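The block underneath contains the structure these notes are about, expressed in structure tokens.
The values are calculated or read from the model by the stated rules, or taken from the named source; none is laboratory data. What you see is a predicted model, and the numbers here were worked out from it, not measured in a lab. Each accessible area value is taken on the protein alone, full model and side chains, heavy atoms only, with ligands, DNA and RNA left out. Shrake-Rupley method; radii C 1.70, N 1.55, O 1.52, S 1.80 Å.
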Amino acid sequence: VKPWTNLAAITMPPRVARLARDARGYPIPHTVTFDENGTPDFRVIDPAKWAHAARFRCCGLCGEMLGGWLAFVGGDTSMRTRMFIDLPMHRDCAQYALAVCPFLAAPVFAYSRALPAATALNEHVSPDRPDRFGLATTKSYRQVRLPLGDVALLAGELESVEWWRHGRPELTP
Ligand SMILES: [Zn+2]
């Protein structure tokens with residue numbers, strides 16, 4: 001599988017540059033699972049890693065500690081409800097993810113729905129990719145339990161929301 005975009009053309013934040021790479025050259029997010037051959041599966045989040053990062057305010061991409069400001073990425077619904085399944089990130093990590101992640105950025109969505117049998121938080125993310133993604137900044141969040149027992153993150157007041165489409169920020173009118 002080739003990257004959908006030219007990764008070399010997108011500036012990699014230093015924290016992301018320290019991550020290991022997969023065969024395509026994608027930096028491997030610290031929360032993903034690995035199969036028995038040691039191949040990362042970007043679609044499946046390790047619940048233990050997720051819980052640790054959520055508790056200790058670690059970035060969902062690079063795994064390093066977040067600062068005072070946090071960046072959440074989600075669709076219109078998440079921006080309205082401030083509820084997120086995906087961990088917050090550093091702002092530059094979030095911008096990098098929005099630019100290169102096939103789920104967030106690729107114009108033609110080539111996401112395979114064939115997930116491993118293991119239950120994972122990512123299965124709760126709608127397979128219908130939102131038309132656009134918001135990058136919201138906030139200073140806080142707390143864990144909340146959804147009606148079916150899953151844990152989500154409720155972000156504090158959103159300071160700003162920047163909209164992205166097809167791997168690029170939308171021009172604000
Ligand atoms: Zn980060």
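Worth pointing out:
- Along segment 158-168 the Karplus relation, 6.51 cos²θ - 1.76 cosθ + 1.60 evaluated at θ = phi - 60°, assigns HN-Hα couplings of 7, 6, 8, 10, 10, 9, 10, 9, 6, x, 9 Hz to successive residues, with x for each Gly and Pro.
- Portion, in percent, of the accessible area of segment 1-65 that falls on carbon or sulfur, probe 1.4 Å: 57
- Surface exposure of segment 1-73, expressed per residue as accessible area with a 1.4 Å probe, stands at 55 Å².
- Residues whose amide H lies under 5 Å from that of Asp41, counting only those 5 or more places away or on a different chain, are Thr33, Phe34, Asp35; hydrogens are built 1.01 Å from N in the peptide plane.
- Interchain or long-range residues, amide H under 5 Å from Val151's placed H: Leu146
- Taking a ≥ b ≥ c as the square roots of the eigenvalues of the Cα gyration tensor, an a/c ratio of 1.5 or more together with a/b larger than b/c marks segment 18-87 as prolate.
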